[in-house]
Amino acid sequence: MIFKQYNRTDQEQEQVHSALIHIQLQYNFGEQYQPPEEIQKNKYYQDYEFLDDLSMRINKHIKYANNKLHDVGKSIIGLDTGQPWCIYWPLNVLASHNVQVDNQRIIQFLKYCQNEGFGGGHYQYSHLAPTYASVLSLLILATEESLSVIDLKGLERFFWSVRLPNGSFIMHQNGECDLRGAYIAVIFVKLFNLDEKIIEGTAEFIASCQTYEGGLGSNPFSEAHGGYAFCGFAALKCLEKQHLINIDKLREWLVNRQMEQEGGFNGRTNKVVDSCYSFWCGAIFNLLDDKVDLKDTAALQKYISMCQNPDGGLFDKPGKRADAYHTSYSLSGYYLSKNEIFDPIYNIPKASLEFARAYFNDKKQ
Amino acid sequence: MAEHDWSDVQRLKQYEGNPTILNLKYDEKYEKLMDYCRAIIQSNEISIRVYDLTTSLLNFNASNYNLYIIRRKCLQQLNLDLDQEMKFVNDLTFKNEKCYQIWEHRRQIIDWTKKYDYEIQFLQEILGSDNKNYHAWQYRIWLCQQFNLFDQEIKNVEYFIEEDVGNNSAWNYRYFLLVHLDFDFEQELKYIKHQIELKPTNEAVWNYLRGWFRVDEQQNKHQKFKQFKYQEYDIVDFVDKYVKEDVRFAIAFIIEIKVHEKQFEQAIQLCLRMGSDIDPIRHNYWNWKIENIKKLQ
């Protein structure tokens, strides 16, 4: 028996707003502020640990990332087919502040995952997502050695093997097709000067994913979503084909992702805030060519700051646990909102990308 | 499920016992099964024991994409019972509602069998758990196109809007359906207006309303769209009512119209109101809009 569940949108939103409002009031007024009794039952409020102040505790997050990089342990089970993500997410945080890592061990590990593309672990089939995480990790390390590991011919063959006739991409042999694939293929075909025929028609496919709301969905007609909007627009920008889509509509959809109460972004109309959209939505602002900041950056930074765990790491929203994914994307979003450190298309430190560009352009000659 | 004999297969360890930088640790049983899985990926064996191996491992981690590659080969080459498979897929999906791989697996099997009778009911249950499950709606779009379900789906989508008028996934789906159907836009406008009246502060319905009208010139030639001219329909007066009630979505629409009609001063006034009182979080955007409008004057 399926029962109608009325107005779930409002109910959920109410809970999150309520928690955030009282948390903000407590930060503003300190001890003087007494929240109402009922808020203690609010799941977003009850486990929230208040910070002494809202400064960005980057040293704590670096410690957290360092720990994640070196000690995943048994928690790998859900990500056992995405092990390179467990490298990339913390590595990006560490590299953002020039923290030294053991390049050798990282390279050795990623070599195991490489098989033309990269798989989720040694002896796994190649998959575009771990390929993305692995290649970005090698780019971040930015040494001749880390870059020479990348099997460019193999990568090219892998991209050909997952390309569909209309310019879209499946994530692995016999796998699912959505905009993530197009983004991953485009940014590496361009960076490594691979055969451009691989991405013939891809820009047009991406454009066909723009919805009536102005954002982009996973496939044509799918709902506009921050993650896919980033993938699509970053790829178009990489190809210098942004104008295939209606940028005005994208921009209007995008600015409306910022939540008036929370300051952070949601990923879709009428959904709740999540700190990871600080990157997926936030980075699109960096990619638009409007010479002014169209978002409320102070409000965004404040939201991200509220999502810090005092012991290190960042989380989706109050009430949630910190994890490497949210730590990585919240911090990328935070620094990108200041136009610092990261490249908005590749989401790696700009310095690393410059090194890679020089290296691969040299190879081209 | 029978225990199979794997004695002829050598376990293939991931990292030869050497700890990697991630210091990965595994449950003994899982590691054993994965060692066989890695060996199978190398050997390309297709057999019942391999199929059963994928079942065991999927229960540990349903998002293991390797298993689906192997499992689908088994299903086809061994001619296995796809009705049974769908039972397994249904169970696994209820436990892993947001897993990319199980939804793609479902899609491929339904594509082979063409047995889509139960699918809408299944989606009803999944959406009962989370009415905005992105995978479910994406799958529904594929299902509808593949089996030409538009006529029944345009009726079905009303349930979701009635249940939760803020459900943007449902509105998005409705748009998709109508792009593929002949429909009376006047009737649809009545429906939209009624939903706005029920909850004027609902962003989803305003986006949906505006999605049917082309006001500006900029086009995306790769979008499949239907667009109508706002001047030909009774809409501006309706929207104006909500402008007076300070509904920011209504005001945003009127601003677009005012600019199009070259009523620049009025547009600028509305942008000022938005940036200062009504929509202050977007004050930078509204100021930028004002600068752009001034360039048109």
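Per-structure values
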{"item": "Area accessible to solvent at B:Tyr233, 1.4 Å probe radius, in Å²", "result": "50"}
{"item": "Around B:Arg38: net Lys/Arg minus Asp/Glu count, Cβ-Cβ under 13 Å", "result": "-2"}
{"item": "Counted charge near B:His4, where neighbours are those whose Cβ lies closer than 13 Å (Asp, Glu -1; Lys, Arg +1)", "result": "-3"}
{"item": "For region A:101-149, residues shielded by at least 20 square angstrom of accessible area compared with the chain on its own, probe 1.4 Å", "result": "A:Arg105, A:Phe109, A:Tyr112, A:His122, A:Tyr123, A:Gln124, A:Tyr125, A:His127"}
{"item": "Antiparallel DSSP beta bridges within the protein assembly as shown, as percent of all bridges there, nearest 5", "result": "85"}
{"item": "Residues losing 50 Å² or more accessible surface upon assembly, region B:1-24, compared with the chain by itself, 1.4 Å", "result": "B:Gln14, B:Tyr15, B:Ile21, B:Leu22"}
{"item": "Cα-projected label distance for B:His180 with A:Glu340, points at 7 Å along beta-carbon direction, nm", "result": "4.9"}
{"item": "Buried accessible area, chains B and A (both chains, 1.4 Å probe, Å² to nearest 100)", "result": "7600"}
{"item": "Solvent-accessible area of B:Val9 with every protein chain in place, 1.4 Å probe, in Å² to the nearest 10", "result": "30"}
{"item": "Within the accessible area of region B:199-286 (1.4 Å probe), percent carbon and sulfur", "result": "49"}
{"item": "Residues of region A:209-243 buried by at least 30 Å² on assembly (accessible area, 1.4 Å probe, chain alone as reference)", "result": "A:Gln210, A:Tyr212, A:Glu213, A:Phe221, A:Ser222, A:Glu223, A:Tyr228"}
{"item": "Value of relative contact order over chain B, rounded to a whole percent, pairs C-alpha under 8 Å and six or more apart", "result": "8"}
{"item": "The protein assembly as shown: Rg to Rh, with Rh as the Kirkwood radius over Cα pairs", "result": "0.96"}
{"item": "Candidates B:Asn284, B:Asn167, B:Asn156, ranked by Gaussian network fluctuation over chain B, Cα under 10 Å, top entry", "result": "B:Asn284"}
{"item": "Rounded accessible area per residue of the protein assembly as shown, 1.4 Å, Å²", "result": "41"}
{"item": "Helix B:150-163 axis, angle to chain B major axis (alpha carbon atoms, nearest 10°)", "result": "80"}
{"item": "Residue among A:Phe221, A:Pro90, A:Ile341 farthest towards the positive dipole end of the protein assembly as shown, charges placed on Cβ", "result": "A:Ile341"}
{"item": "Neighbouring partner chain Cβ atoms per residue of B:64-75, average, 10 Å criterion", "result": "4"}
{"item": "12 Å beta-carbon shell around A:Ala142, net charge (K/R +1, D/E -1)", "result": "-1"}
{"item": "Accessible carbon and sulfur surface of chain A relative to its total accessible area, %, 1.4 Å", "result": "47"}
{"item": "Spatially proximal lysines relative to B:Lys193 (Cα-Cα < 19 Å; intrachain offsets below 8 disregarded)", "result": "B:Lys155, B:Lys226, B:Lys229, B:Lys241, B:Lys244"}
{"item": "Approximate spin-label separation A:Lys111-B:Trp112, in nm, with each point projected 7 Å along Cα-to-Cβ", "result": "3.9"}
{"item": "Crossing angle, helix B:185-198 versus chain B [Cα axis fit, 0-90 degrees, rounded to tens]", "result": "90"}
{"item": "Only Lys, Arg (+1) and Asp, Glu (-1) charged, at Cβ; the protein assembly as shown dipole about Cα centre in debye", "result": "1180"}
{"item": "Förster-model FRET efficiency, 41 Å R0, B:Asn148 and B:Lys199, C-beta, rounded to 0.05", "result": "0.80"}
{"item": "Calculated FRET value between A:Ser148 and B:Lys32, using beta carbons and R₀ = 41 Å, to 0.05", "result": "0.70"}
{"item": "Selected from B:Pro280, B:Pro200, B:Pro19 as most flexible by GNM, with chain B as the system and alpha-carbon contacts under 10 Å", "result": "B:Pro19"}
{"item": "Acute angle (nearest 10 degrees) that the helix A:152-161 long axis makes with the longest principal axis of chain A, alpha-carbon atoms", "result": "70"}
{"item": "Residue-span extension gain [B:Glu158 to B:Glu261] - 0.36 nm each, minus C-alpha spacing", "result": "33.6 nm"}
{"item": "Rounded Å value of the spacing that divides the Cα centres of region A:288-358 and region A:1-42", "result": "26"}
{"item": "Gyration tensor over alpha-carbon atoms, region A:244-301, equivalent ellipsoid semi-axes in Å", "result": "18, 13, 9"}
{"item": "Rounded percent of accessible protein surface that carbon and sulfur make up, region B:1-112, 1.4 Å probe", "result": "45"}
{"item": "Highest-MSF residue in chain A out of A:Arg268, A:Arg105, A:Arg180 [GNM, Cα springs under 10 Å]", "result": "A:Arg105"}
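The values are calculated or read from the model by the stated rules, or taken from the named source; none is laboratory data. What you see is a predicted model; the values in this text were computed from it and never measured. All Cβ positions, glycine included, derive from the backbone under ideal geometry; neighbour counts span all protein chains shown. Quick note on the areas: whole protein, heavy atoms, side chains included, nothing else; ligands and nucleic acids left out. Shrake-Rupley method; radii C 1.70, N 1.55, O 1.52, S 1.80 Å.
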